[in-house]
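To start, the structure under review is shown below, and the notes come after it.
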Amino acid sequence: MLPEQNLTTAAMQKHSLTSWWLAECWVSVFNKLIRRYKYLEKGFEDEVKKLLLFLKGFSESERNKLAMLTGVLLANGTLNASILNSLYNENLVKEGVSAAFAVKLFKSWINEKDINAVAASLRKVSMDNRLMELFPANKQSVEHFTKYFTEAGLKELSEYVRNQQTIGARKELQKELQEQMSRGDPFKDIILYVKEEMKKNNIPEPVVIGIVWASVMSTVEWNKKEELVAEQAIKHLKQYSPLLAAFTTQGQSELTLLLKIQEYCYDNIHFMKAFQKIVVLFYKAEVLSEEPILKWYKDAHVAKGKSVFLEQMKKFVEWLKNAEEESESEAEEGD
């Protein structure tokens, strides 16, 4: 690095540290005033909201200082995250002022706290799903948001928004699935829709099978009598086996489904005796295959109802092992 560059970098760092120190000083002043005169709290927040609406009237340097100060005030609770509503002003968004201001603000906020604390504050005021509105409509995508904020040094915020988007997409998928099942839409149409959503939102198959299972189990009013619910479940799940089979093309998906069945049967006590019958049904319907079942039995099960379900599965697992050994013997004889 050239001497001139060294001097420039040092000057920038000094300026940044000075701005930070000034921001902390102002925060201290505001906190002391508001603690002494509580009635100022609401008025102060309203004034900050108004101030943010007129960001274009400030120089870039002034906006950066204000963003740093606002971030610190948000971090210590002097300001509520609802003030961010002002950044969604159409003109500020259109000219890129909102996004640039948000970068400095979130850097300051996350530096004082962390991304989890920031996320919690955003959720309290239903702002956690609105961050992409910092950009014009034609740029409101996870890809653009991630690229912009990652390049600005806010990778944790980018990842948070991406996760929020994924969670939202999964909830929407389950809601739509339940509606399609309630309408009695053909399975081929449902499968096509789900696969399109998987591709569009990058949802892996093991996650999807959990969503499909939950949707299938929520479409019926279950009998409260233990001796009748197993028969009802087998009849219902036999009908939906082709749909479930479309999303168990991977071993991990099959294992996920087995765990979902185990948890469901444990959490819904009337299903405790139905576990083995459901697994056998899915095996016969080619929703599940022997390898994931054997793996589940050996070491991939969870603690919920473990002893009960392992005992239920004992004879079937022995049968699977014997069938597998016979198959191997026949293959060796053929060779």
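Tell me whether the range 285-293 contains one or more residues that are under 30 Å from GLU196 (Cα atoms), within 29 Å of the chain's Cα centre (by Cα), part of a helix (DSSP H, G or I) and modelled with pLDDT of 95 or more.
Looking for residues that are under 30 Å from GLU196 (Cα atoms), within 29 Å of the chain's Cα centre (by Cα), part of a helix (DSSP H, G or I) and modelled with pLDDT of 95 or more, one finds at least one in the range 285-293, hence yes.
Taking the range 214-244 as the search range and keeping residues that are in contact (Cβ under 8 Å) with a residue 40 or more places away in the chain and under 25 Å from the mean Cα position of the chain (by Cα), which one is surrounded by the most Cβ atoms within 10 Å (Cβ to Cβ)?
Out of the qualifying residues, it is SER215.
Of the residues VAL27, VAL72, VAL118, which single one is at pLDDT 90 or above and either assigned to a helix (DSSP H, G or I) or among the aliphatic types (A, V, I, L, M) (or both)?
Just one listed residue meets the conditions, VAL118.
Tell me whether the range 216-231 contains one or more residues that are in a helix (DSSP H, G or I), of a type in the set (Val, Ile, Thr) and out of contact with any Phe, Trp or Tyr (no Cβ under 7 Å at 6 or more places or on another chain).
No, the range 216-231 contains no residue that is in a helix (DSSP H, G or I), of a type in the set (Val, Ile, Thr) and out of contact with any Phe, Trp or Tyr (no Cβ under 7 Å at 6 or more places or on another chain).
Residue by residue, here is whether (1) within 20 Å of LEU84 (Cβ to Cβ); (2) in contact with a Ser or Thr (Cβ under 8 Å, 6 or more places away or on another chain); (3) modelled with pLDDT of 95 or more holds:
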{"residue": "LYS113", "(1), (2), (3)": "yes, no, no"}
{"residue": "ASP128", "(1), (2), (3)": "yes, no, no"}
{"residue": "ALA137", "(1), (2), (3)": "yes, no, no"}
{"residue": "VAL142", "(1), (2), (3)": "yes, no, no"}
{"residue": "PHE149", "(1), (2), (3)": "yes, yes, yes"}
{"residue": "THR166", "(1), (2), (3)": "no, no, no"}
{"residue": "ALA169", "(1), (2), (3)": "no, no, no"}
{"residue": "LEU192", "(1), (2), (3)": "no, no, yes"}
{"residue": "ASN201", "(1), (2), (3)": "no, yes, no"}
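Going through the range 133-158 one residue at a time, which ones are more than 16 Å from SER98 (Cα to Cα), in contact (Cβ under 8 Å) with a residue 24 or more places away in the chain and within 15 Å of the chain's Cα centre (by Cα)?
GLU156
Give the range 82-106 a look and list any residue that's in contact (Cβ under 8 Å) with a residue 24 or more places away in the chain and surrounded by fewer than 19 Cβ atoms within 10 Å (Cβ to Cβ), or say none.
SER82, ASN85, SER86, TYR88, ASN89, ASN91, LYS94, GLU95 - these are the residues of the range 82-106 that are in contact (Cβ under 8 Å) with a residue 24 or more places away in the chain and surrounded by fewer than 19 Cβ atoms within 10 Å (Cβ to Cβ).
Taking the range 141-165 only, how many residues are open to solvent by 30 Å² or more (accessible area, probe 1.4 Å) and over 21 Å from LYS104 (Cβ atoms)?
6
Pairs please, first residue from the range 54-80 and open to solvent by less than 50 Å² (accessible area, probe 1.4 Å), second anywhere and in a loop (DSSP other than H, G, I, E, B), Cβ atoms under 9 Å, 6+ apart in sequence or on different chains.
Once the first residue is open to solvent by less than 50 Å² (accessible area, probe 1.4 Å) and sits in the range 54-80, its partners that are in a loop (DSSP other than H, G, I, E, B) give LEU55/ASN89; LEU66/PHE58; THR70/LEU79; VAL72/THR78; LEU73/LEU79; LEU74/ASN80; LEU74/LYS113; ALA75/LYS113.
Any idea which of VAL302, VAL279 is β-branched (Val, Ile, Thr), without any contact (Cβ under 8 Å) to a residue 60 or more places away in the chain and outside any helix (DSSP H, G or I)?
Among VAL302, VAL279, only VAL302 is β-branched (Val, Ile, Thr), without any contact (Cβ under 8 Å) to a residue 60 or more places away in the chain and outside any helix (DSSP H, G or I).
Considering each residue of the range 174-213, count those that are in a loop (DSSP other than H, G, I, E, B), over 14 Å from ALA246 (Cα atoms) and either open to solvent by 70 Å² or more (accessible area, probe 1.4 Å) or not charged (D, E, K, R) (or both), and give that number.
Counting residues in the range 174-213 that are in a loop (DSSP other than H, G, I, E, B), over 14 Å from ALA246 (Cα atoms) and either open to solvent by 70 Å² or more (accessible area, probe 1.4 Å) or not charged (D, E, K, R) (or both) gives 3.
Being in contact (Cβ under 8 Å) with a residue 12 or more places away in the chain and more than 25 Å from GLY77 (Cβ to Cβ) is true for just one of ARG162, ARG130. Which residue is that?
ARG162
Quick check, is LYS171 open to solvent by 70 Å² or more (accessible area, probe 1.4 Å), within 20 Å of the chain's Cα centre (by Cα) and within 26 Å of LYS199 (Cβ to Cβ)?
So LYS171 fits the description; yes.
The values are calculated or read from the model by the stated rules, or taken from the named source; none is laboratory data. Just so you know, these numbers come straight off a predicted model, no measurement behind them. Note that each Cβ is placed from the backbone with ideal geometry, even for glycine, and that neighbours are counted across all protein chains shown. For the accessible areas, the whole protein counts, side chains as well, though only heavy atoms, and no ligand, DNA or RNA atoms are used. Shrake-Rupley method; radii C 1.70, N 1.55, O 1.52, S 1.80 Å.
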